[in-house]
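Data first, discussion second: the structure below is written as structure tokens.
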Amino acid sequence: MKFPSKDIVKKVRAEYPIGTRVELVKMDDVQAPPVGTKGTVRGVDDTASLLVDWDNGCGLNVIHCEDIVIKI
């Protein structure tokens, strides 16, 4: 896995500040919440992954360039 540059991490942090509401569009993981699940961003880690508190209690992160969410 190639790690994103600091500039990309900075851009993602600016685009998804803490408290941003998102909705899951795609996540390729057997433990993923169902498509359409909503959650609240609680941060962005150093790999540009979104740390999301999903409304259904799931704790999986949104992996940069693999999973897809939209802002709501």
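Details
- Check on residue 25, in contact (Cβ under 8 Å) with a residue 40 or more places away in the chain and part of a strand (DSSP E or B): yes
- Here 44, 25 are screened, and the one residue that is touching a helix residue (DSSP H, G or I) at 6+ places or on another chain (Cβ under 6 Å) and either of a type in the set (Val, Ile, Thr) or on the phi > 0 side of the Ramachandran plot (or both) is 44.
- Here the range 50-64 is the region considered, the condition is being in a loop (DSSP other than H, G, I, E, B) and touching a residue at least 12 places away in the same chain (Cβ under 8 Å), and the residue that is least open to solvent (accessible area, probe 1.4 Å) is 58.
- For the range 1-49, the set of residues classified as under 13 Å from the mean Cα position of the chain (by Cα), among the basic types (Lys, Arg) and surrounded by 12 or more Cβ atoms within 10 Å (Cβ to Cβ) consists of 13, 21, 38, 42, listed by residue number.
The values are calculated or read from the model by the stated rules, or taken from the named source; none is laboratory data. Everything numeric in this text was worked out from a predicted model, so none of it was measured. Cβ coordinates were reconstructed from backbone atoms using ideal geometry, including for glycine residues, and neighbour counts include every protein chain displayed. Note: accessible area is taken over every heavy atom of the protein model, side chains too, but ligands, DNA and RNA are not part of it. Shrake-Rupley method; radii C 1.70, N 1.55, O 1.52, S 1.80 Å.
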